[in-house]
Amino acid sequence: MINDVKQAIVNKLLELYPTYTIYDEDIPQNFRTPSFLVTVIEQNYGKRLANKYNSTVSFDVAYFSNKGKNKIKSDCQAVQVNLLRAFDLMGGFRAQSLQATIVDNVLH
């Protein structure tokens, strides 16, 4: 299931930014920008009544800008707005508790 959710995230990123590179779990030493890195942060899994289960998976989608030093923050903020608006439904999955922060010129 985690791979299905991750693929839905990648598909949504490709829909929004088709020319950007998307990395999975790790970035190479000489990675290209602009790019995204999709990593699994944590998973909570619990049993409910009558053979029902509840699972929550947290992901970090990091954005690495290719803009100059003076324009990185504004580029990250523009991408942040687009991602927060677009990541409501991805395939059959619903995103909840979306948060964004910019740390060291990288949007998370």
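The values are calculated or read from the model by the stated rules, or taken from the named source; none is laboratory data. Everything numeric in this text was worked out from a predicted model, so none of it was measured. Positions of Cβ are backbone-derived with ideal geometry, glycine not excepted, and every protein chain shown enters the neighbour counts. The area values use the complete protein model at the heavy-atom level, side chains included, leaving out ligands, DNA and RNA. Shrake-Rupley method; radii C 1.70, N 1.55, O 1.52, S 1.80 Å.
For the pair the range 1-61 / the range 78-101, the C-alpha centres are spaced 12 Å from each other. Model label sites at Met1 and Asn30, defined 7 Å from Cα along the beta-carbon direction, differ in position by 4.2 nm. Placing R0 at 25 angstrom, the Cβ-Cβ distance between Gln96 and Asn51 gives a FRET efficiency of 0.60 after rounding to 0.05. Measuring only protein heavy atoms, the 1.4 Å probe finds Ile22 accessible over about 40 Å².
Can you tell me, using C-alpha contacts under 8 Å and at least 6 residues apart, the relative contact order of the chain as a whole percent?
Details: 135 pairs, mean separation 23.6, N = 108.
Contact order relative to length: 22 percent.
With contributions of -39500 (n - 2.57) from each DSSP H run of at least four residues, the per-residue ellipticity at 222 nm computed over the chain stands at -9000 deg cm²/dmol. Simple point charges give the picture: +1 on the Cβ of Lys and Arg, -1 on the Cβ of Asp and Glu, and for the range 1-103 a dipole about the Cα centre of about 280 debye. Most simply put, the chain has about 80% antiparallel DSSP beta bridges, counting only bridges with both residues inside it.
3J(HN,Hα) along the range 62-73, derived from phi through the Karplus expression 6.51 cos²θ - 1.76 cosθ + 1.60 where θ = phi - 60°, amounts to 9, 10, 10, 7, 10, 6, x, 3, 7, 10, 4, 4 Hz, with x in place of Gly and Pro. Surface exposure of the range 40-102, expressed per residue as accessible area with a 1.4 Å probe, stands at 74 Å².
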